[in-house]
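Asks: Below is a structure I'd like to ask you about.
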Amino acid sequence: MALREIVLVPEPVLRRKANKVTTFDKSFQQLVDDMIETMRAAPGVGLAAPQVGISQRLLVMEFGDEEDEEAPKKLYVFVNPEIVKSSEEKVTGVEACLSVPGMAGEVERYQTLVVKGLNRFGKPVRHKLEGWTARIFQHENDHLDGVLFTDRATKVWQPSEEEIENIRD
Ligand code: ZN
């Protein structure tokens, strides 16, 4: 495994619509492992392939329980993800992005989602995501379409050091 370099705005790959993944070979598995390692090292709770300069529809997410800090973290790998259903209810929350350093923004997201896609080996998966999980998914999934949180944010600002610690990317 190896750390990949996280690309920053205004790198054009962050604005491109990423390509569907069609091969699940050894080098793809390497990419998945590298992205997990890069996300953990950042540290971040999600990472999309365009953020490491690869224009493919792949995202990884990992985080613990919102209420229980002791709970084990849950890792998700989504390939060619799609939103199947979204709740009418939306929630506003603060987001940041490893590719947009030093910025935070308030973004409205769906509270609940049903998503489908493939796992890292090409097998179909379907998940119901809620709250923080659903928010991270929407943020990372946007990266696959070249959309950044700052495009959707109603308010964008430069957070203080202290504030940064409280924002989970
Ligand atoms: Zn991001």
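The values are calculated or read from the model by the stated rules, or taken from the named source; none is laboratory data. Not measured: the values here are computed from a predicted model. Cβ atoms come from the backbone with ideal geometry, glycine included; neighbour counts cover every protein chain shown. These accessible areas exclude ligands, DNA and RNA; they are computed on the full protein's heavy atoms, side chains included. Shrake-Rupley method; radii C 1.70, N 1.55, O 1.52, S 1.80 Å.
Asks: Taking only C-alpha pairs under 8 Å that are 6+ residues apart, what is the relative contact order of the chain in percent?
Replies: 25 percent
Asks: Provide, in order from the shortest bin, the percent of all Cα-Cα pairs of segment 26-88 in each 10 Å bin, continuing until the bin that contains the maximum pair distance.
Replies: Result, from short to long distances: 19, 46, 29, 6, 0 percent.
Asks: For segment 116-159, what log10 I(q)/I(0) values come out of the Debye formula at q = 0.23, 0.28 1/Å, with one point per alpha carbon and no solvent?
Replies: Taking Cα atoms of segment 116-159 as identical point scatterers yields -0.93, -1.09.
Asks: Would you mind checking Lys90/Lys116; Lys73/Lys123; Lys90/Lys155; Lys128/Lys155 for any pair whose Cα atoms are more than 24 angstrom apart?
Replies: As for pairs spanning more than 24 Å Cα to Cα, those are Lys128/Lys155.
Asks: Magnitude of the Cβ-charge dipole of segment 1-55, K/R +1 and D/E -1, about the Cα centre, nearest 20 debye?
Replies: 280 debye
Asks: Work from the charge dipole of the chain (Cβ charges, +1 for Lys and Arg, -1 for Asp and Glu, about the Cα centre) and give the residue of Gln56, Ile167, Val156 farthest towards its positive end.
Replies: Farthest towards the positive pole: Gln56.
Asks: Here's another thing I want to ask about it. Tally Lys/Arg at +1 and Asp/Glu at -1 over every other residue whose Cβ is under 12 Å from the Cβ of Pro124; what's the total?
Replies: That works out to +2.
Asks: Please work out the FRET efficiency for the pair Asp33 and Thr154, using the Cβ-Cβ distance as r and a Förster radius of 30 Å; give the result to the nearest 0.05.
Replies: 0.25
Asks: Roughly how many Å² is the accessible area per residue of the chain, as a whole number, for a 1.4 Å probe?
Replies: Result: 55 Å² of accessible area for each residue.
Asks: In segment 12-166, what percent of the accessible surface is made up of carbon and sulfur (1.4 Å probe, ligands and nucleic acids excluded)?
Replies: Carbon and sulfur atoms account for 46 percent of the accessible area of segment 12-166.
Asks: Which number comes out as Rg/Rh for the chain once both Rg and the Kirkwood Rh are worked out on C-alpha atoms?
Replies: Taking Rg over the Kirkwood Rh, I get 0.94.
Asks: If I stretch the segment between Thr92 and Ala2 completely, what's the gain in nm (0.36 nm per residue apart, minus their alpha carbon distance), one decimal?
Replies: Extra length available between Thr92 and Ala2 comes to 28.9 nm.
Asks: By DSSP, what percent of the beta bridges with both residues in segment 1-85 are antiparallel, rounded to the nearest 5?
Replies: Among the beta bridges of segment 1-85, antiparallel pairing accounts for roughly 90 percent.
Asks: Now for a different question. So if I place +1 on the C-beta of Lys and Arg and -1 on the C-beta of Asp and Glu, and nothing else carries charge, what would the dipole magnitude of the chain be about its Cα centre? I want it in debye, nearest 20.
Replies: Rounded to the nearest 20 debye, it is 1140 debye.
Asks: Rank-order 65-75, 139-149, 4-14 by packing density, defined as the average count of other C-beta atoms within 10 Å over each peptide's residues, highest first.
Replies: 139-149, 4-14, 65-75
Asks: Roughly how many nanometres apart are two label points built 7 Å out from the Cα toward the Cβ at Ala42 and Ser55?
Replies: About 2.1 nm separates the two model spin labels.
Asks: For a Förster distance of 35 Å, can you work out the FRET efficiency between the beta-carbons of Glu69 and Asn19, rounded to the nearest 0.05?
Replies: 0.40
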